[in-house]
Amino acid sequence: MRHGSKLIAAAALIAVMSFSLDVTAEPPANPIAGDRISGDYFETRSPVVAQHGIAATAQPLASQIAIDILKKGGNAVDAAIAANAALGLMEPVANGLGGDLFAIIWDPKTQKLYGLNASGRSPKGMDLGQLKERLDGADEIPPAGVLPVSVPGAADGWFEMHRRFGKLPMGAILAPAIAYAEDGFPVTEVISYYWNINMQRLEEAVSIGMIEEFENARHTYLIDGHAPAEGEIFKNPDLAKTYRLLAQKGRNGFYKGRIAKTIDAYMKRIGGPLRYDDFATHTSEWVEPQSVNYRGYDVWELPPNGQGIAALQMLNILEGFDMKAAGFMSAKSLNLQIEAKRLAFEDRAKFYADPDFYDAPVKALLSKEYAAKRRALIKPGKAMVQVGPGDPAAIESGDTTYLTIADKDGMMVSLIQSNFRGMGSGLVPDGLGFMLQDRGQLFALEDGHANQYAPGKRPFHTIIPAFITKDGQPWLSFGLMGGAMQPQGHVQIVLNMIDYGLNVQAAGDAARWRHDGSAQPTGAKRQGVGVLHLENHVPQKVRKALANMGYTLGPSDGGFGGYQAIRVNPETGVYSAASEMRKDGAAIGY
């Protein structure tokens, strides 16, 4: 099937899927809120505090499942897997078994952080020339259909975490999600909204021939022909069968057994390049988390092929400014943050890729010396007209779900998992109950690009878990989902807590900014100064000042991410947790 003209026609149609369909209606110009007797005026609720265990996820039932697993003797890893399995059922607009996974785990026994990259690779049987032939002149990989599908890494990620740290058997861990898949659960408000929009836009992609087969998705995700409404009971018996198979057969049941064989046959039938051997040879990778010290706190992210070190680069740049003196939510503070983002994202576009194919200069990119050189380019009070990637070699030589769990022994898990754009590719293999991801759309086609498509290669990834330690002890496990918003959001959370003294809930409730238009790892070029999106609660005088600095202001479009976090008091061991007020989730402890 040729994709060229259809992909070009579809570009505008699917473009908004870049934030996992994280788009909402414009909020009212003068929102009406109640008053709080304590805490910050914009805080939506108090942090949840607990002593024995705590969970923060994007769906309250998933958070409750995590707590139930902890109460049954499971640890934070067991609970994280159980919650993630439930979210694949309950929040399929953001994640699922057909996607990838990354995690950072604090192990209290070894007093060490462990990083897991459980992302999948491109089909080994399709080279760049064959891909370009199928694209028929299009300059990017489509956001749906067979061409952007890479091997799902999430299941292997679960079993890798469980093999190394788990306590309960996988049957017990997956049992709650299986029960909900068979018996049903009521769909929540925000997830229902995204579900409806996802299915509408995937149907539009079907109408232009982008998706080769969609009846399976309709069968799996619609109720009597419509996306489930808020409060409507949804069941997924096919996913329950898949989870049971995983509980019985383990990771080989997925990658070397019936699931891999089913996907292989499905792909052959609809003309997709993914094959059984791509699954049979798949592996996850334990990686060393990377960190920078920001005002006495060590902030940790995972190395490429993810974008986590962009947040670290931004923090390195900002450390040279007195952000506290600049003032919370001031034009001066936002200007410095945005310019740091623009600098870091140019490096992100050039250097971030699968380390098995490209040796990114991570050490140099994260050096204080390199940060000083990049910081010197910023002219406070102005938006840079020209911005490009730096030269770290000179230093070297001279949409997604996030969850976090903590247990009574001090183990903490920071986990993020996604199908990439909303629900994913639109493809649901026969009888499996989950949609395959479209993460491969993030490969570049440009010759010589670090992230250029190649067989058996991991694409650039947007999903990033984060962690903060202080004096060698855990301080905060957190994440903020939402495409390119993630490193921008991570930095805003760090500044809100460390520079501006906000508690764990208020740090996420504060109004956010998002800058679009930087160069992309797909090869897309920088779009001038770009567009700055501000949430409605950013004061008008700040908006005016930023516009006068040279920024083009865009609307508050809902694409500001979803946040979850757990903070631990190192003296008492008490946990404080927060959940995103912009989503359906909840933090629960006991």
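The values are calculated or read from the model by the stated rules, or taken from the named source; none is laboratory data. This one's a predicted model, so the numbers in the text were calculated from it and none came from an experiment. In this analysis, Cβ positions are derived from the backbone assuming ideal geometry, glycine residues included, and neighbour counts consider all displayed protein chains.
Summary table
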item: Count - residues of region 572-590 that are touching a Ser or Thr at 6+ places or on another chain (Cβ under 6 Å) and in a loop (DSSP other than H, G, I, E, B); result: 3
item: Matching residues, region 464-482, being part of a loop (DSSP other than H, G, I, E, B) and either at pLDDT 95 or above or surrounded by fewer than 23 Cβ atoms within 10 Å (Cβ to Cβ) (or both); result: ILE464, PRO465, ASP471, GLY472
item: Residue tally, condition crowded, with 24+ Cβ neighbours inside 10 Å and modelled with pLDDT under 95, over region 114-141; result: 0
item: ASN496, sole failed condition from (1) modelled with pLDDT of 95 or more; (2) touching a Pro at 6+ places or on another chain (Cβ under 8 Å); result: (2)
item: Residue, nearest to PRO60 (Cα to Cα), within region 83-139, restricted to residues that are of a type in the set (Ser, Thr, Tyr) and more than 14 Å from the chain's Cα centre (by Cα); result: TYR114
item: Unmet criterion (only one of (1) assigned to a loop (DSSP other than H, G, I, E, B); (2) over 14 Å from the mean Cα position of the chain (by Cα); (3) over 25 Å from GLY296 (Cα atoms)) for GLY501; result: (3)
item: Test result for ASP356, in a helix (DSSP H, G or I), charged (D, E, K, R) and farther than 25 Å from GLN527 by Cβ; result: no
item: Hits in region 438-463 - residues which are in contact with a Lys or Arg (Cβ under 8 Å, 6 or more places away or on another chain) and assigned to a helix (DSSP H, G or I); result: GLN441
item: Residue tally, condition outside any loop (DSSP other than H, G, I, E, B) and either of a type in the set (Asp, Glu) or at positive phi (or both), over region 223-258; result: 1
item: Out of GLY74, GLY88, GLY98, sole residue that is touching a Phe, Trp or Tyr at 6+ places or on another chain (Cβ under 7 Å), in a loop (DSSP other than H, G, I, E, B) and crowded, with 24+ Cβ neighbours inside 10 Å; result: GLY98
item: Odd one out for ILE223, checked against (1) in contact with a strand residue (DSSP E or B) (Cβ under 6 Å, 6 or more places away or on another chain); (2) of a type in the set (Val, Ile, Thr); (3) loosely packed, with under 15 Cβ neighbours inside 10 Å; result: (1)
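Matching residues to (1) modelled with pLDDT under 85; (2) crowded, with 21+ Cβ neighbours inside 10 Å:
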residue	(1), (2)
GLY4	yes, no
ILE8	yes, no
LEU21	yes, yes
VAL48	no, yes
ILE65	no, yes
ASN84	no, yes
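Residue-wise test of (1) under 26 Å from HIS461 (Cα atoms); (2) in a loop (DSSP other than H, G, I, E, B).
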residue: HIS515; (1), (2): yes, no
residue: PRO521; (1), (2): yes, yes
residue: VAL529; (1), (2): yes, yes
residue: ARG543; (1), (2): no, no
residue: LEU546; (1), (2): no, no
residue: PRO570; (1), (2): no, yes
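Residue-wise test of (1) acidic (Asp, Glu); (2) within 20 Å of MET329 (Cβ to Cβ); (3) surrounded by 22 or more Cβ atoms within 10 Å (Cβ to Cβ).
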| residue | (1), (2), (3) |
| --- | --- |
| ILE498 | no, yes, yes |
| GLN505 | no, yes, yes |
| ARG526 | no, no, no |
| VAL531 | no, yes, no |
| HIS537 | no, yes, no |
| LYS544 | no, yes, no |
| TYR563 | no, yes, yes |
| ARG567 | no, no, yes |
